[in-house]
Amino acid sequence: QKEVEQDPGPLSVPEGAIVSLNCTYSNSAFQYFMWYRQYSRKGPELLMYTYSSGNKEDGRFTAQVDKSSKYISLFIRDSQPSDSATYLCAMSAWGSNSGYALNFGKGTSLLVTP
Amino acid sequence: KAGVTQTPRYLIKTRGQQVTLSCSPISGHRSVSWYQQTPGQGLQFLFEYFSETQRNKGNFPGRFSGRQFSNSRSEMNVSTLELGDSALYLCASSLGEGGTEAFFGQGTRLTVV
């Protein structure tokens, strides 16, 4: 079983819809949680970064972390065709000796149709 | 502020050859991590360097190696290339102290024929 599970989709929604993307994980040591957006043939772009549990909002994007359930979510409000991309969740523990290694979900492909 | 720069963007190599990829992190960032992305396995961690020292290594064979220079630039090397090494290789840059945000470059697309 992978440490991070993410539904690959594809997920297709109409323009203006609220999109909900989710990941589950098994390693209780994870403390840092990120969401990346990746367009075809490009590198991942950091969208949201959260430390520990709680919510964080940035414009149309809201990230939620529930460490008790080992579950994280990304919500996109008023979705636009330009949001069509693959969304990757990533998470990590960190130690001064062990450093920093991100564990990724396999990504969810999102298509927002006009 | 310049982002993470990876060179070259595309490479085609023959089985058995070796290859070196380069990554220049964001100015002031001391940590550089490397990842391999394939359609089947997704993004997988290769290794992380901080202040010229390898701090963490993923589950890849010894053919994959890397190093970091005093200016934080990093290179990764793959020797004796196999067809299965065809992938997008991504470099991520972060401050390196604590679990700060990691920013990725555009990647190097390696094709082994």
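The fewest-to-most ranking of A:Val4, B:Val32, B:Val113, B:Val19 by surrounding Cβ atoms within 10 Å reads B:Val113, B:Val19, A:Val4, B:Val32.
Out of every Cα pair in chain A, what percent are spaced more than 20 Å from each other?
Working: 2446 of 6441 pairs.
Considering chain A, 38 percent of its Cα-Cα pairs are separated by more than 20 Å.
In a fully extended conformation the segment linking B:Arg73 and B:Arg30 would gain 14.6 nm over its present Cα-Cα distance, using 0.36 nm per residue.
For chain B, take the convex hull of the Cα atoms, compute a quarter of its surface area, and give me that in nm², please.
Numbers: hull surface 26.4 nm².
Averaged projected hull area, Cα only: 6.6 nm².
Normalising by residue count, the protein assembly as shown has a Cα convex hull of 124 Å³ per residue. With 27 Å as the limit, the listed pairs A:Lys70/A:Lys106; A:Lys42/A:Lys67; A:Lys56/B:Lys57 have A:Lys42/A:Lys67; A:Lys56/B:Lys57 beyond it between alpha carbons.
Going by a ≥ b ≥ c, the root eigenvalues of the Cα gyration tensor, does the range B:44-106 fall in the rounded group (a/c under 1.5), the prolate group (a/b larger than b/c) or the oblate group? Don't jump to the answer; show the numbers that get you there.
Details: a/c = 1.94, a/b = 1.62, b/c = 1.20.
Since a/c reaches 1.5 and a/b is larger than b/c, the shape of the range B:44-106 is classed as prolate.
Applying the Karplus relation 6.51 cos²θ - 1.76 cosθ + 1.60 with θ = phi - 60° to the range A:19-28 yields 3J(HN,Hα) values of 9, 10, 10, 9, 9, 10, 9, 10, 8, 5 Hz, where x marks Gly and Pro. Exposed loop sites, defined as trypsin sites (Lys or Arg not before Pro) outside DSSP H, G, I, E and B with at most 15 other Cβ atoms within 10 Å, are absent from the longest region of chain A, namely A:3-40.
Rounded to the nearest 20, the Cβ-based charge dipole of the range A:1-100 about its Cα centre (Lys and Arg +1, Asp and Glu -1) stands at 200 debye.
Report D for the range A:15-60 in µm² per second (integer): Stokes-Einstein, Kirkwood Rh on Cα pairs, 10 °C, 1.306 mPa s. Reported coefficient: 123 µm²/s.
At the listed q of 0.19, 0.28 Å⁻¹, the Debye profile of the range A:30-83, built from one uniform point per Cα, gives log10 I(q)/I(0) equal to -0.69, -1.14.
With the gyration tensor restricted to C-alpha atoms of the range B:9-69, the semi-axes of the equivalent ellipsoid amount to 21, 14, 13 Å, longest first.
Each value in this text was obtained by applying a stated rule to the coordinates, not by laboratory testing. Since the model is a prediction, treat every value here as computed from it, not as a measurement. When we count neighbours, we look across all protein chains shown, and the Cβ atoms used for this are built from the backbone with ideal geometry, even at glycine.
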